[in-house]
Amino acid sequence: MHQVFGSLPRCRSMSLKAQLDACRREYEANAEPQAVDAVRHSIRALAETGLVAKAVRAGETAPLFRLRCGRGGFVDLSDLINRGPVIVSFFWGDWCPFCVLEFKALAEAYAEIERLGATLVTLSPQARGPSSSPGSHGEPPFPILQDPGCKVASRYRIAFAVPERFQAAYLALGYPQSGEDRIERLDAADTRHLRPR
């Protein structure tokens, strides 16, 4: 994770929204002003695209997928849906402190999600490595599925191309600068709840 977020404490008594707000404030206080301004412009430009309004909505048929799991093997959404409700969470990767906070909140809620009979899976364009699971407390209790190039996120209508003028802002957040994870497409980090048909 990028150094400007290193001191953000995880406080169980804070809601996820409060934690995300604290993370944003810490970033804005410690990052270069040009990077903060670029991030704000990037968020504004993304909002103006209407991406959220175009995303797959409750009641729509969920685009099916079969993706490689970070633990090995594949996970098929149709198999999961046949067993009951499914929660699909999209996150950028462990370089994004905001995504890591949401990821940890999902891990904390996992037992309750399972108790209610649902299955949780996460999708990320980030290539998985031996030390790339968000957080430092070992493997998460749910699968992390690899969505290289945000192909599935595109089918959920939440993927977007990062304009070149904003790429520096993502690099300032800690986005990987090379390899498979280079900046091209990202998903609008989002969580969807799918019910069996």
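The values are calculated or read from the model by the stated rules, or taken from the named source; none is laboratory data. Bear in mind that the values here come from a model prediction, so they are computed numbers and not experimental data. Methodologically, a virtual Cβ is constructed for each residue, glycine included, from the backbone with ideal geometry; neighbour enumeration extends over all protein chains shown.
What do you reckon, is residue 24 without any contact (Cβ under 8 Å) to a residue 24 or more places away in the chain and either over 20 Å from residue 113 (Cβ atoms) or outside any helix (DSSP H, G or I) (or both)?
Values: without any contact (Cβ under 8 Å) to a residue 24 or more places away in the chain: no; either over 20 Å from residue 113 (Cβ atoms) or outside any helix (DSSP H, G or I) (or both): yes.
For residue 24, the condition - without any contact (Cβ under 8 Å) to a residue 24 or more places away in the chain and either over 20 Å from residue 113 (Cβ atoms) or outside any helix (DSSP H, G or I) (or both) - is not met.
The conditions are (1) acidic (Asp, Glu); (2) surrounded by 18 or more Cβ atoms within 10 Å (Cβ to Cβ); (3) modelled with pLDDT of 65 or more, and residue 181 fails exactly one of them. Which is it? Result: residue 181 passes all but (3).
Of all residues in the range 77-85, none satisfies being out of contact with any strand residue (DSSP E or B) (no Cβ under 6 Å at 6 or more places or on another chain), farther than 19 Å from residue 22 by Cα, surrounded by fewer than 17 Cβ atoms within 10 Å (Cβ to Cβ) and of a type in the set (A, V, I, L, M). The single condition among (1) modelled with pLDDT under 85; (2) closer than 24 Å to residue 59 by Cα that residue 134 does not satisfy is (2).
Looking at residue 64 and the list (1) modelled with pLDDT of 95 or more; (2) touching a Pro at 6+ places or on another chain (Cβ under 9 Å), which single condition is not satisfied? Failing condition for residue 64: (2).
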